[in-house]
1. Failed condition for Lys128, given (1) surrounded by 11 or more Cβ atoms within 10 Å (Cβ to Cβ); (2) within 20 Å of the chain's Cα centre (by Cα), with all others met?
2. Does Arg59 satisfy the condition of being among the basic types (Lys, Arg), assigned to a strand (DSSP E or B), touching a Leu at 6+ places or on another chain (Cβ under 9 Å) and over 17 Å from Thr115 (Cα atoms)?
3. Is it the case, given these coordinates, that Arg57 is farther than 23 Å from Asp107 by Cβ, basic (Lys, Arg) and in contact (Cβ under 8 Å) with a residue 24 or more places away in the chain?
4. For Leu38, are the conditions met, namely being surrounded by 14 or more Cβ atoms within 10 Å (Cβ to Cβ) and not β-branched (Val, Ile, Thr)?
5. Can you confirm whether Tyr142 is among the aromatic types (Phe, Trp, Tyr), in a helix (DSSP H, G or I) and either loosely packed, with under 14 Cβ neighbours inside 10 Å or without any contact (Cβ under 8 Å) to a residue 60 or more places away in the chain (or both)?
6. For residues in the range 60-74 being free of Cβ contacts under 8 Å to residues at least 40 places away in the same chain and within 23 Å of Ala16 (Cβ to Cβ), which is surrounded by the most Cβ atoms within 10 Å (Cβ to Cβ)?
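Bear in mind these aren't lab numbers, they're just calculated from the coordinates by the rules spelled out. What you see is a predicted model, and the numbers here were worked out from it, not measured in a lab. Positions of Cβ are generated from backbone atoms using ideal geometry, with glycine treated the same way; all protein chains shown enter the neighbour counts.
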Amino acid sequence: MAATESVQCFGRKKTAVAVTYCKRGRGLIKINGCPIELVEPEILRYKAYEPILLLGRQRFAGVDMRIRVRGGGHTSQIYAIRQSIAKALVAYYQKYVDEQTKKEIKDILVRYDRTLLVADPRRCEPKKFGGRGARARFQKSYR
């Protein structure tokens, strides 16, 4: 068995990627070195809190999470963060705690929002010629 009980998981949204290192600890959650309580923008802070609020602080009390996030915009980064937190906790419970608790956690998360565990495959469609966007065309004139 490894000296430290840790798992590494990632979350994705559009071009944002968040990588979470989850190990045994005392409940610290840091995003790019800052506590989760100081996440900016403030409006989206509760989106990052969602897995914690759903599952309760006691499930996070025994683990420390370090999250690195890059790419995308503010909203995409927050969605990538919440997905990586949820996936890391599920993976940690599966590997080091027990299967029953992991199943309970997974059911709670999926019942609330499936994107907490499953990535959203939608991407931006590339622009084509003959118009100003992916689907919009320039106006056609007959005379």
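1. Every condition holds for Lys128 apart from (2).
2. no
3. no
4. No: the conditions fail for Leu38.
5. no
6. Phe60
Residue-wise test of (1) closer than 21 Å to Lys102 by Cα; (2) touching an Asp or Glu at 6+ places or on another chain (Cβ under 9 Å).
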{"position": "Thr4", "(1), (2)": "yes, no"}
{"position": "Gly11", "(1), (2)": "yes, no"}
{"position": "Arg24", "(1), (2)": "yes, yes"}
{"position": "Leu28", "(1), (2)": "yes, yes"}
{"position": "Leu38", "(1), (2)": "no, no"}
{"position": "Pro51", "(1), (2)": "yes, no"}
{"position": "Gln77", "(1), (2)": "no, no"}
{"position": "Ser84", "(1), (2)": "yes, no"}
{"position": "Leu89", "(1), (2)": "yes, no"}
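Residues checked against (1) exposed (fewer than 13 other Cβ atoms within 10 Å of the Cβ); (2) of a type in the set (A, V, I, L, M, F, W, C); (3) under 22 Å from the mean Cα position of the chain (by Cα):
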| site | (1), (2), (3) |
| --- | --- |
| Ser84 | no, no, yes |
| Lys106 | no, no, yes |
| Arg111 | yes, no, yes |
| Thr115 | no, no, yes |
| Phe138 | yes, yes, no |
